[in-house]
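K.L.:
Next up is a structure, given as structure tokens.
The values are calculated or read from the model by the stated rules, or taken from the named source; none is laboratory data. Because the structure is predicted, anything quoted here is derived from the model rather than measured. When we count neighbours, we look across all protein chains shown, and the Cβ atoms used for this are built from the backbone with ideal geometry, even at glycine. SASA here: full protein model, heavy atoms, side chains in, ligands and nucleic acids out. Shrake-Rupley method; radii C 1.70, N 1.55, O 1.52, S 1.80 Å.
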Amino acid sequence: MFKNYVITAFRNLKRNKMYSTINIVGLAIGFAISLVITFYILHDLTFDRFHHNADNIYRVLSIGKKRGTKNSITSGPLMAVIKENIPEIQAVTRVYNAGQRRINRPGVEAAAEEAFSSSVTARAIFADSGFFDVFSFKVLAGAKGEALNVPGSVFLTPPVARAIFGEENPLGKPLTIRRVENAHVAGIVEAPPSNSHVQYDIILPLIPKQRAVWWDSWKNLGLCGYVSLNQNADPLLVNKKMCRVAEDNNFVEIFEPRLQPLLDIHLGSADHLYDFFNRGKNDVVVVYTMAAIGLMIILIACINFINLSTSRAAKRATEVGIRKVVGANRRNLTSQFLGESILMTTASFFIALLLVKITLPYLDTILEKKLEINFSENPLLILLLLVIAVFIGIIAGIFPALVLSSFKPANILKGKFHTGRAGVVLRKILVVFQFVITTSLIVGVLIVIAQINFLQSRDMGYHREQVLMIPIGLRGDTDILKNKLETLPGVLSLGRISSTPGPNFLRTEILREGGDRTKSYTACKFYVDESLFKTLDISIVKGRNFSKQFATDAEDAVIVNETQVEKAGWDIDDLSGKRLAMVDIEGKIIYKPVIGVIKNFHYLTARQVIEPMVFFFSPRQAPLLTVRLTPGQISRSVEEIETEYKKIYPDRQMHRFFLDDEFDLQFNNDRKFAGNIGIFSIIAIIIACLGLIGLVSYAIEQRRLEIVVRKVYGCPELKIVSLLSTDFLKWVALANVIAWPLGYLAMRMWLNEFVYRVTLTVWPFLLAAVGSLIFALLTLSFQTIKAARTNPADTLREVG
């Protein structure tokens, strides 16, 4: 019996090739996309969970008491003191992101010309000896974590060790690393997995005394701190104790420490400042959106499958009648139809697995995320999806299995079988639902793109095009380079500044009139030279610029922005004698005369308002050289700058980037978000149109005689095409009416994350409507035109 069911199922698939192909392929694509999105989401949701004590590991934040700003850094001494004074804390560690570091092979001097061709560039972090007590990264060979207390001790990951030493034993071998004296390989540590927010290739020893100003000061926030609590510890109680310890030890008064669970770091830090250690972080809203899109796509695919399966059920009425005549009972017929449906969904599922496996090498590039898809390591997930496939097969097979098997053979064989209006109405509702989803996705893509374009084209108050940024450090000989570059014909102007665009600025505590610290606030703090404002075309609206002609500028003067003037409650036309009260690194209140006010410019991310800014005249503390280049000579000018740089610093490699590129980095996640929605929207449209092809074919087949009669009586082909198309297009139009408010509400919620946002107009909705109608019309036109051009005689011969 079972063999007979399988043979019959395959014969039906072969007999109806087009419908079978549409059904299986459409569902397979839906399964494949949902599977990819599932792994995408799992990758984000499993960040940092591989640590043995992950539920009890926390990052120490510094929260602004006035504005609630969240800073992902803390002071170095706090970590050591809380370890001694809070018994619930099992271990602590301090970490610092050292960026890219060049490591030379043994025996190669850093100053040698060949050094750069015989070295490895690796991601480096500084960490203290508690690093391996808090985290579960394994030391594979060599010394243990205590070695991070020893200056020069370096841990390498296996790939870096092989790149430098080949198959030699690297332990104890010397290394040449800039600014790390007596560097040697103390141990080999496992490389972090891709779902770790802590990423490194080498670990350098963090010795607080070596950078006491930043790493060993209660007043400076310069390190990332992590704590591991005992199993039964109450994090809220630990947090209260930590705040008391901080207050007792003169922790920065305008901030208080707070614990952030390790498992919340990747998805819960979108609004955090100084979060440069959190590699590849994502926004939980994006993850939820991707989950919703995955669910929508699988729903569209399932609707297609169910629609086409039920629409074809009536074609098999005669088969059911004959089977009943020869003795088949209702149970046999139900098993037959359910079996065929489950066979098709199961086949779709395995085709989906194959599609994912084939496209895996391309998914990383498309999604800009390293997906580790391993079916053997996720058997429960695969089993769950297989169960879903079987469930869909059961749902799709219920109609023919129960409805058709209930009819009397005599009525079926006499041609008196009718499926009724209920099935037709249900199919139209499902078509509407499909296009509601696809139109909503198109609306989302258009609005995200419009918002990104709005922010990129918005006047940010400063010139950022053709501006080259060169990190030059804080060495005393950097004026030589600046003076030399000023003579190049392609250089219009040069200036120095301490920070690039983004949220990771230095900050200073500002007091209101009278020096009242209870009403203090923070402002962005910049060190600049006298040429910076000219280079970036930032206008001075009141007062004057810094000048070397005034000896007091370097010691006492500050320039502020318009927001700072408003915050202080000053009259911008009467700033004579105004002084800015602020707190220095030692906690003392100092006063600086305000010599000028610049026009507001937006140097933060577009999700934040323009904050108060204070500028100090201190080129020696401004390690970024900004070079404004002549348009049309960019490539030649960059080559000339690199040549001059090499002459002055033969032992250093010049790192450079353009200011507009740095500015655009803040939109990377939004661009990825828009790109992913766009890709999946196209796939959703394709799946929906595949279903529409099947339904239109079925509708045309049902109305073959009507078409013949109309043609015989002289109905124009265009009229027939219109009649066949209108019935479906009106449902697509209805889907747009439903999709508009849904898309509006969803995108308004997303736009609320931005301080500066595009105004929602009717155009994205109209374009989405036109787009979905065009897609539907193109899908319909091929089949309707073909049906309208069919010779009536051929149709009559087939049916007669």
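K.L.:
What shape does segment 119-164 have by the C-alpha gyration tensor, where a ≥ b ≥ c are the square roots of the eigenvalues, rounded means a/c under 1.5, and otherwise prolate means a/b greater than b/c and oblate the rest?
P.N.:
prolate
K.L.:
Using only the Cα atoms of segment 138-214, construct the convex hull and provide its projected area averaged over every direction, in square nanometres to one decimal.
P.N.:
Average of the hull's projected areas for segment 138-214 equals 5.7 nm².
K.L.:
Based on the Cβ-Cβ distance from L751 to T46, what FRET efficiency comes out when R0 is 25 Å, to the nearest 0.05?
P.N.:
0.25
K.L.:
Shape of segment 657-775 from its Cα gyration tensor (a ≥ b ≥ c, root eigenvalues): rounded if a/c is under 1.5, otherwise prolate when a/b > b/c, or oblate?
P.N.:
It is prolate, given that a/c is not under 1.5 and a/b is the larger ratio.
K.L.:
For the cross-link pairs K219/K534; K144/K646; K70/K592; K240/K281; K66/K482; K484/K567, which exceed 30 Å when the distance is taken from alpha carbon to alpha carbon?
P.N.:
Where the Cα-Cα span goes over 30 Å, the pairs concerned are K219/K534; K144/K646; K66/K482; K484/K567.
K.L.:
Compute the length gained on full extension between D271 and K83: take 0.36 nm times their separation in residues and subtract their Cα-Cα distance, giving the result in nm to one decimal.
P.N.:
Gain on stretching D271 to K83: 64.9 nm.
K.L.:
Next up: Working from the pairwise distances between different alpha carbons, so that the mean of 1/r is found and then inverted, what is segment 575-691's Kirkwood radius in Å?
P.N.:
20.2 Å
K.L.:
Expressed as a whole percentage, what fraction of the accessible surface of segment 613-720 belongs to carbon and sulfur atoms when a 1.4 Å probe is rolled over the protein heavy atoms?
P.N.:
57 percent
K.L.:
Once the piece of chain linking A191 and L767 is laid out straight, how much longer is it, given 0.36 nm per residue of separation minus the C-alpha distance between them?
P.N.:
202.6 nm
K.L.:
Let me ask you something else. Please report the net charge: other residues with Cβ closer than 15 Å to the Cβ of V445, K and R +1, D and E -1.
P.N.:
Within the 15 Å Cβ shell, the charges total +1.
K.L.:
Can I ask one more? Probe of 1.4 angstrom, ligands and nucleic acids ignored: what's the accessible area per residue over segment 440-570, in square angstrom?
P.N.:
On a per-residue basis, segment 440-570 sits at 41 Å².
K.L.:
Which value, in Å², gives the accessible area per residue of segment 42-184 when a 1.4 Å probe is used on the protein heavy atoms?
P.N.:
With all protein chains present, segment 42-184 gives 45 Å² per residue.
K.L.:
Need the C-alpha centroid separation for segment 20-67 versus segment 162-217, integer Å.
P.N.:
Between the Cα centres of segment 20-67 and segment 162-217 lies a distance of 30 Å.
K.L.:
How would you order 480-488, 727-735 from highest to lowest mean count of nearby Cβ atoms within 10 Å?
P.N.:
Averaged packing, sorted descending, gives the order 727-735, 480-488.
K.L.:
Compute the separation of the alpha-carbon centres of segment 244-261 and segment 69-85 and state it in Å as a whole number.
P.N.:
Answer, in whole Å: 7.
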